[in-house]
Amino acid sequence: MTAEGCDLLCLDVSRAEAVRAALPKAHRSQAMAIAAKALADPVRLRTATALALGAELCVCDLAWVVGAAPNLVSHHLRVLRRAGLVTSRRHGKLVMCRLTSQGAALLDALGVAAPGESLWAEPSELITARG
């Protein structure tokens, strides 16, 4: 027997049916995989984490925070936005970005914060956005 498969074909039908019924539908699984894949890049993960800590940041601030060029951060923000993890709005000449609830939930699921620490700052600790 290998660790990945049984040597004997057996099936606990009632248990297997219950588990199968509880699985997300295929289209939902696809959307979840796309969202998770969006955080598979270190710059995107740092960008999303910075947004979790800063609530709302402009692209220039994000670039400085994560230590990457603004055009690279903009590219990664597009990927995060397409995956539904980030939203943005124009504020004059600035583009302000914010993590969505789906993005925050995914970061929580990944356990981005160190053990015993909370990634999410209290509202009084957040650095407020410009304007």
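The values are calculated or read from the model by the stated rules, or taken from the named source; none is laboratory data. A quick note: this is a predicted structure, and the numbers were derived from the prediction, not measured. Quick reminder, even Gly has a Cβ in these numbers, built from the backbone with ideal geometry, and neighbours come from all protein chains shown.
Among the numbered conditions (1) within 27 Å of Gln30 (Cβ to Cβ); (2) surrounded by 17 or more Cβ atoms within 10 Å (Cβ to Cβ); (3) modelled with pLDDT of 90 or more, the only one that Leu106 does not meet is (3).
For Trp64, the conditions (1) surrounded by fewer than 17 Cβ atoms within 10 Å (Cβ to Cβ); (2) modelled with pLDDT under 90 are fulfilled apart from (2). Would you be able to say whether some residue in region 5-18 is surrounded by 10 or more Cβ atoms within 10 Å (Cβ to Cβ), under 16 Å from Ser101 (Cα atoms), out of contact with any helix residue (DSSP H, G or I) (no Cβ under 9 Å at 6 or more places or on another chain) and not polar (S, T, N, Q)? The answer is no; no qualifying residue exists. State whether the residues of region 10-29 include one that is within 27 Å of His91 (Cα to Cα) and either modelled with pLDDT under 90 or within 13 Å of the chain's Cα centre (by Cα) (or both). No: region 10-29 contains no residue that is within 27 Å of His91 (Cα to Cα) and either modelled with pLDDT under 90 or within 13 Å of the chain's Cα centre (by Cα) (or both). For region 21-34, residues that are part of a loop (DSSP other than H, G, I, E, B) and of a type in the set (Ser, Thr, Tyr) total 0. Every test in (1) modelled with pLDDT under 85; (2) in contact with a helix residue (DSSP H, G or I) (Cβ under 7 Å, 6 or more places away or on another chain); (3) surrounded by fewer than 18 Cβ atoms within 10 Å (Cβ to Cβ) is passed by Ala35 save one, and that test is (3).
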